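This report concerns only the one structure given below.
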Amino acid sequence: MWKETLHLRLQVDVKTLWCLNEMMKRATVYFEEDLHKALKIKAVEASTSVSELVNEAVKSSFLEDLEDLEAFRERESEPTVDFESFVKEMKENGRL
């Protein structure tokens, strides 16, 4: 019985690993020592992996980028003013 259970568990684990390898890529990332320690502690406390924490942080960063790009797109029709002109205008209006 235990051999059958072990064999089934190995089959499931191999299938899981195969699926993960198809969806994920391995990368080497170097962290500052304190950041790595904090990530390991957070991963344990959150019952997750450092890899998952990093994946979620990167996804969150990309979502912020999308929001920024949308804000730029919404404002692209606004007139632009160069720094020199803006400062001159401030001086002319008595603000400097």
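The values are calculated or read from the model by the stated rules, or taken from the named source; none is laboratory data. From a predicted model like this one, the values you see are computed outputs, not experimental measurements. Please note: Cβ atoms are built from the backbone with ideal geometry, for glycine as well, and neighbour counts cover all protein chains shown.
Before moving on, here are some points about what is shown:
- Counting the residues of the range 18-39 that are at pLDDT below 95, within 17 Å of the chain's Cα centre (by Cα) and in a helix (DSSP H, G or I) gives 1.
- Residues satisfying the stated conditions in the range 80-96, i.e. part of a helix (DSSP H, G or I) and either among the β-branched types (V, I, T) or under 19 Å from the mean Cα position of the chain (by Cα) (or both): V87
- If you go through the range 40-79 and keep only what is of a type outside the set (G, A, S), part of a loop (DSSP other than H, G, I, E, B) and loosely packed, with under 10 Cβ neighbours inside 10 Å, you end up with E76, E78, P79.
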